[in-house]
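Student: Let me give you the structure first, and then I'll get to my questions.
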Amino acid sequence: IGSTIHPGGSNCTKGTARTHRKHALRRSQQAAGAHQLPSAQAAESAPAPSKGTCFLVGGGLGPVDHLTVKAAKLLQSAEVCVYDDLGAQGPLELLPPSCERVYVGKRGGKQSIKQPDIDRILVELCSQGRNVIRLKGGCPSVFSRVSSEMTALTAAGCPYEFVPGISSALAAPLMAGFPLTQAHIGTAFAVTSGHDLDQNWA
């Protein structure tokens, strides 16, 4: 008794195998897509990095020994320092080697960076989750553009903190040998800017 061979039987077997392979490949792709989907969703829903704090630090009179203790500690552990054209470089010597330094100094009559650009730099650095030292000469609250920086940081939701410094407006008279006030003689003092050329100073 011989075995029966159906014409095209071999082709039917091959076709069926190809069909099974296609279905298996499709199921594998669908399974892979199902595994990738949660990862994609997780990437989309991942929270943005928390914003760093900007410390508005007064560099004082220049020499390191006139810095406040808090200012010195912040400089010694700084991640990034955005600093002005300081009268003395002493405070910068406290920065660790790993600290990124960003110079934004201004000089009258010379081409300098614009204040809106400084505001943008502070916001961008804080938005990366980095703590920023904004180092200014003297005290950041005296004759500086700190109000513009405060406004930009607040608008971007970046926290900031003041670290006052010694202003030359207060220290220079004392170092010259006389106090700013004296009982019965000088009961008040005023600090004014000399930039208003139309002001009558007589």
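The values are calculated or read from the model by the stated rules, or taken from the named source; none is laboratory data. Computed from a predicted structure; not experimentally measured. A quick note on method: Cβ atoms are made from the backbone with ideal geometry, for glycine too, and the neighbour counts reach across all protein chains shown. Remember, those area values only see protein heavy atoms, side chains included, never the ligands or the DNA or RNA. Shrake-Rupley method; radii C 1.70, N 1.55, O 1.52, S 1.80 Å.
Student: Long-range amide H contacts for CYS54: which residues qualify at under 5 Å (H placed 1.01 Å from N, peptide plane, sequence gap of 5 or more or a different chain)?
Tutor: The answer is VAL132, TYR160, GLU161.
Student: Right, next: Near the amide H of ARG101, under 5 Å away, which other amide H atoms are found, from residues 5 or more places off or on another chain, if H is placed in the peptide plane?
Tutor: Hits under the 5 Å cutoff: CYS81.
Student: Per the 1.4 Å probe, what fraction of the accessible area of the stretch 46-110, in percent, lies on carbon and sulfur atoms? Walk me through the numbers on the way to the answer.
Tutor: Working: 1860 of 3450 Å².
Carbon plus sulfur share of accessible area: 54 percent.
Student: Another question, then. Starting from the Cα gyration tensor of the stretch 68-168, take the square roots of the eigenvalues, sort them a ≥ b ≥ c, and report rounded, prolate or oblate (rounded when a/c is under 1.5, otherwise prolate if a/b is larger than b/c, else oblate). Provide the component values of the computation, followed by the final result.
Tutor: Details: a/c = 1.31, a/b = 1.04, b/c = 1.26.
Rounded shape, in that the Cα axes give a/c under 1.5.
Student: Let me ask another. So, for the stretch 48-148, what is the accessible surface per residue at a probe of 1.4 Å, expressed in square angstrom?
Tutor: Working: 5140 Å² over 101 residues.
Value returned for the stretch 48-148: 51 Å² of accessible area per residue.
Student: Could I ask something else about it? May I ask you to derive the FRET efficiency for ASP117 and SER50 from their Cβ-Cβ distance with R0 = 25 Å, giving the value to the nearest 0.05?
Tutor: Values: r = 25 Å, r/R0 = 0.99.
Calculated value: 0.50.
Student: At a Förster distance of 41 Å, what's the computed FRET efficiency of VAL69 paired with ASP198, Cβ-Cβ distance as r, to 0.05?
Tutor: Numbers: r = 42 Å, r/R0 = 1.03.
With a Förster radius of 41 Å, E is 0.45.
Student: Then there is this: Between LYS106 and ALA171, what is the label-to-label distance in nm when each label sits 7 Å out along the Cα-to-Cβ direction?
Tutor: 2.2 nm
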